[in-house]
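The values are calculated or read from the model by the stated rules, or taken from the named source; none is laboratory data. All values derive from a computational prediction rather than experimental measurement. Positions of Cβ are generated from backbone atoms using ideal geometry, with glycine treated the same way; all protein chains shown enter the neighbour counts. Ligands, DNA and RNA are stripped out before the accessible areas are found, and what is left, the full protein with its side chains, is counted by its heavy atoms. Shrake-Rupley method; radii C 1.70, N 1.55, O 1.52, S 1.80 Å.
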Amino acid sequence: MILKTARVSLELLHTFRIARSADDVRESLLVSLRDGGLAGLGEAAPIARYGQSADSAARAIETIMEPLQGTTGDLDRDRISEIIAPLSESLGGEKAVLAAVDIALWDLMGKQTGLPVHEIIGLDPSKTPHTSYTISIDSPRMIRKKVKEAENFSILKVKMGLENDYEIMEQIRGLTDRPVRVDANEGWTKEEALDKIHWLEEQNVEFIEQPLPADRIDETRWLSERVSLPLFADESIETIDDIPRLKGAFSGINIKLMKCGGITEALRLIESAREHGMMTMLGCMIESSIGITAAAQISPLADYADLDGNILIGNDPATGVTVKEGRLILPEGPGLGVELRDDSIGRQLRVP
Ligand code: MG
């Protein structure tokens, strides 16, 4: 297989501000994996929280070009796991790069077999969940604008964790009564979280994501015993080995392909979470429609979806999953069902 890459700057429609960062642009590495006459597409959206960047991802990709060159032939799920296992070892913390290769392998398998990814797994495309639409931390004027832009969505995800949490929520409730999911991105102390969640319990909120810093599992357990809203882990769950110790602290986990290393690993995480009696949400980074559609393909397995990263950018280089009245609608084509809309990227990836 021949691996090609194209670096793209994804331009955010609005500054994306959360408790720890604010960005106007995020960089992704798009990849293609060609075997014979077919090519699969993938994406690495590096996660700064885990020390990744577009530069570190590009360096990591160089190290796996050669091992992939010796790989060829028809793919099935077992074969993909065999290819991914040694790459996972050698890539270490560069999980977004692993995800890019894994996603491209699934897309290629779909093109070889003529089947969409969801069909290969045996999932019903009419069972996709609704996705939330993210309102990042902003001024009152911009919050009003964002709520208006979210008209097509049935659920809002509201970022919190700075000083203006109450103002943001009061403003949103002045504009809409739609259900809200709150993500504090590790921004609260446990006492602060207790006060704020008690107040949020009266605000038609579905659940709270990552109220406390990732390593405060005992404090999160203390918190979960005192609030009625479910708590979801995001920064606290990196690998499948984290799941057992989160039990009792969190009711569910946020699974992101970029965080865990792709579709193959996400399927294992969903299964493990279920075995531990935990709920699952499929989440995302700021990604193009390649990464988002990959996650959407397995979304019928998840309890919740937060797959809006492609909607928050103004220059999506691909088409794929869409949203209709809040629900994810999967494309019908083989593999991911995504198409590049930018010829220059297609030329770099040698995908027509
Ligand atoms: Mg989160």
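Can you spot a residue in segment 91-108 that is touching a strand residue (DSSP E or B) at 6+ places or on another chain (Cβ under 7 Å), of a type outside the set (D, E, K, R), open to solvent by 50 Å² or more (accessible area, probe 1.4 Å) and in contact (Cβ under 8 Å) with a residue 60 or more places away in the chain?
Scanning segment 91-108, I find no residue that is touching a strand residue (DSSP E or B) at 6+ places or on another chain (Cβ under 7 Å), of a type outside the set (D, E, K, R), open to solvent by 50 Å² or more (accessible area, probe 1.4 Å) and in contact (Cβ under 8 Å) with a residue 60 or more places away in the chain, so the answer is no.
If I filter segment 64-72 for residues that are surrounded by fewer than 17 Cβ atoms within 10 Å (Cβ to Cβ) and touching a Pro at 6+ places or on another chain (Cβ under 8 Å), do I get at least one hit?
Checked segment 64-72: at least one residue is surrounded by fewer than 17 Cβ atoms within 10 Å (Cβ to Cβ) and touching a Pro at 6+ places or on another chain (Cβ under 8 Å).
So that you can scan it fast, the table gives a plain yes or no per residue for (1) under 26 Å from residue 220 (Cα atoms); (2) modelled with pLDDT of 95 or more; (3) surrounded by 24 or more Cβ atoms within 10 Å (Cβ to Cβ):
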site	(1), (2), (3)
257	yes, yes, yes
262	no, yes, yes
265	yes, yes, no
276	yes, yes, no
279	yes, yes, no
300	no, yes, no
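Can residue 269 be described as away from the ligand (no atom under 14 Å from the Cβ), farther than 28 Å from residue 162 by Cα, in a helix (DSSP H, G or I) and not assigned by TED's automatic domain parsing to the domain that holds residue 20?
Against the criterion (away from the ligand (no atom under 14 Å from the Cβ), farther than 28 Å from residue 162 by Cα, in a helix (DSSP H, G or I) and not assigned by TED's automatic domain parsing to the domain that holds residue 20), residue 269 qualifies.
Using the structure shown, decide if residue 253 is touching a His at 6+ places or on another chain (Cβ under 6 Å) and assigned by TED's automatic domain parsing to the domain that holds residue 308.
No; evaluated as a whole, the condition is false for this residue.
For segment 220-235, give me each residue that is polar (S, T, N, Q), assigned to a helix (DSSP H, G or I) and away from the ligand (no atom under 16 Å from the Cβ).
Answer for segment 220-235, where residues must be polar (S, T, N, Q), assigned to a helix (DSSP H, G or I) and away from the ligand (no atom under 16 Å from the Cβ): just 224.
Any idea how many residues of segment 298-336 are more than 16 Å from the ligand (Cβ to nearest atom) and either touching a His at 6+ places or on another chain (Cβ under 8 Å) or outside the structural domain of residue 136 (by TED's automatic domain parsing) (or both)?
Of the residues in segment 298-336, 6 are more than 16 Å from the ligand (Cβ to nearest atom) and either touching a His at 6+ places or on another chain (Cβ under 8 Å) or outside the structural domain of residue 136 (by TED's automatic domain parsing) (or both).
Which of the residues belonging to segment 281-297 are under 19 Å from residue 338 (Cα atoms) and either open to solvent by 10 Å² or more (accessible area, probe 1.4 Å) or within 16 Å of the ligand (Cβ to nearest atom) (or both)?
282, 283, 284, 285, 286, 287, 291, 292, 295
Can you pull out every residue in segment 174-199 that is within 16 Å of the ligand (Cβ to nearest atom), in a loop (DSSP other than H, G, I, E, B) and of a type outside the set (D, E, K, R)?
184, 185, 187, 188
Mind checking whether some residue in segment 44-66 is in a strand (DSSP E or B), closer than 17 Å to residue 309 by Cβ and at pLDDT 95 or above?
Yes, that holds for at least one residue.
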